[in-house]
Amino acid sequence: MALAGRRDGPLMLRGGGGGKPLSHGSRIAVAVAVGIALGCVCAFLYPDGLFRPSASALQWSRHVDSTACESSGRVTNLESQLASLERKNAELRRQINELSMKLQLAGQGKDETLYKAGPFGTVKALRTNPTVMPDESVNSRLAKILGEVAVKKELIVALANSNVREMLEVWFTNIKRVGVPNFLVVALDDNIESFCKSNGVLVYRRDPDEGIDNLYRDSDVESMSDGHNNMTAYGFNDVFDEPSMGWARYAHTMRIWVYNSGFFYIRPTIPSIELLDRVADRLSHEKAWDQAVFNEELFFPSHPGYEGLYASRRTMDIYLFMNSKVLFKTVRKDAQLKKLKPVIVHLNYHPDKLDRMKAVIEFYVNGKQDALQRFPDGSE
């Protein structure tokens, strides 16, 4: 037996054994009522809404806002730094241009590559040479005096000793009379210094120990010499004669006696450090005399297979930085040279070093004039 059935329509009410379906209008009313009821339930259970954002989502939103603010602040800061750097760059360019101009002015006449010539008829030589900046560290006491008396960095200077005392008085009296304030007397003895101070005249007297420093400090190495006169110490043209060459028999050579490595001044420069490195390296690998190695590395030029040292050098004054040959062969026999006070005396030419050293002290320190006489020029 086949069972037959039918599907009930939506929202169909049943009662007892059968029911009457709702009308179309009634169905709409019921749907609205159910919707309102569901809305009230949801509003009660989920006051913040069904799709409330999670805590992580809120944090991300705040992070994004904070990052945006920070980025904006960084951009502003970078823009400020960029503007500051541009100003500094402009100032540096100005300084570079100024220094370049000063360099050109200072080098004019020395190095023609420092400046360019203009079109024909436009080149003009300098009418006024630029001034130089003083180094106040050389003599701070004098620099202070000059700063007090100079007007626009200018002043009148007079050097005087006791022999011209009366003329000096006439000079500064009339300078005061006409109202010139920027003048200075350099006193060459104690009497003139006292005389100027008693008359209210600004005076400068060099300290007694200011003349002790005989270093120039313009070279990488300043060394005393083994030379015993101007030729051997400072260099000379030595002509080599080879008769078999006929017309070209004479060859000119430049000679200088070696530097004495027993006393030298060395500036803290790269060439100086390289010199010491080279000498130390050779002496650690060769059986050589340190003075010979010192001179070879300092003087030998670059040539095939060898790169020379590019160090500047100065020979010290042989009468101020004296070797013992100069002293015993020349100085002690010359009345004028005996009056000189050397900075050092190096007893390098004589084996009886201690006896001669004591005699040198007697002569120069204790004033015993015959202290050096008993020694021969050379060694016996």
What net charge is computed for the residues neighbouring D290, neighbours being all others with C-beta under 15 Å from the C-beta of D290, Lys and Arg scored +1, Asp and Glu -1?
-3
Binning every alpha carbon pair distance of segment 243-310 at 10 Å from zero, what are the percents per bin?
17, 41, 24, 12, 6
In the structure displayed, which of K153/K197; K339/K368; K329/K368 lie more than 21 Å apart, Cα to Cα?
K153/K197
Volume of the Cα convex hull of segment 134-180, divided per residue and given in Å³:
86
Order of exposure, largest accessible area first, which applies to V75, V365 with probe 1.4 Å:
V365, V75
What does the highest-first list of 334-340, 160-166 look like by mean Cβ count within 10 Å?
160-166, 334-340
Provide the descending list of Cα extents for segment 132-242 along its principal axes, expressed in whole angstroms.
74, 33, 26
Protein chains only, probe 1.4 Å: how do M167, M357 rank by accessible area, largest first?
M167, M357
With every protein chain present, what accessible area does S379 have (1.4 Å probe, heavy atoms only), rounded to the nearest 10 Å²?
80
At q = 0.10, 0.12, 0.15 Å⁻¹, work out log10 I(q)/I(0) for segment 205-347 with the Debye formula, treating every Cα as an identical point scatterer and leaving solvent out; two decimals please.
-0.46, -0.63, -0.90
Report the Cα-based extents of segment 163-228 along its three principal axes, largest first, to the nearest Å.
56, 22, 18
Segment 270-333: chymotrypsin sites (Phe, Trp or Tyr not before Pro) in DSSP loop, at most 12 other beta carbons within 10 Å
W289, Y310
All alpha-carbon distances of segment 185-260, grouped into 10 Å bins from 0, give the whole-percent distribution 15, 21, 18, 17, 14, 8, 6, 2
Evaluated at q = 0.32 Å⁻¹: base-10 log I(q)/I(0), Debye formula over Cα of segment 298-341:
-1.12
Going highest first, how would you order 141-154, 266-279 by mean Cβ packing within 10 Å?
266-279, 141-154
At 1.4 Å probe size, with no ligands or nucleic acids counted, give the accessible surface of R255 in Å², nearest ten.
110
For T122, T131, T330, the accessible-area ranking with a 1.4 Å probe, largest leading, is T131, T122, T330
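The values are calculated or read from the model by the stated rules, or taken from the named source; none is laboratory data. Quantities reported herein were computed from a predicted structural model and do not represent experimental measurements. In this analysis, Cβ positions are derived from the backbone assuming ideal geometry, glycine residues included, and neighbour counts consider all displayed protein chains. Note: accessible area is taken over every heavy atom of the protein model, side chains too, but ligands, DNA and RNA are not part of it. Shrake-Rupley method; radii C 1.70, N 1.55, O 1.52, S 1.80 Å.
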